[in-house]
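Structure first, commentary second.
The values are calculated or read from the model by the stated rules, or taken from the named source; none is laboratory data. None of the values given here were measured: they were computed from a predicted structure. Here Cβ is always computed from backbone atoms with ideal geometry, including for glycine, and neighbour counts include all displayed protein chains.
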Amino acid sequence: MVATRLNSIQIMRGIAALIVVAFHIRYNLSVYEQKNLGDLMFSNGEVGVYLFFVISGFIISLSTRRKESPLEFSIKRLLRIYPPYIFS
């Protein structure tokens, strides 16, 4: 089965990644002297992490609609996630 991508979800993933990156850049540069819109939006990078969790839950729920058994789903998921985990 060919996987289809939802462009809006991909855009949200990109925004979430940028939020996390912006937090790390601001944190590493120690630019916290004044309160401004940037501080309010990126003072805590957890917003991007929360967005990743929401997107992941949505994508996993969509993937359960496929016509495969729970065992097949679990094996495919394991084969997709475990190799990068080993090498990290």
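Tabulated values for the structure
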item: Top-ranked residue in segment 65-80 [being within 23 Å of L6 (Cβ to Cβ) and exposed (fewer than 10 other Cβ atoms within 10 Å of the Cβ); ranked as nearest to the chain's Cα centre (by Cα)]; result: R80
item: When residues of segment 15-60 are limited to those that are part of a helix (DSSP H, G or I) and surrounded by fewer than 10 Cβ atoms within 10 Å (Cβ to Cβ), the one modelled with the lowest pLDDT; result: L40
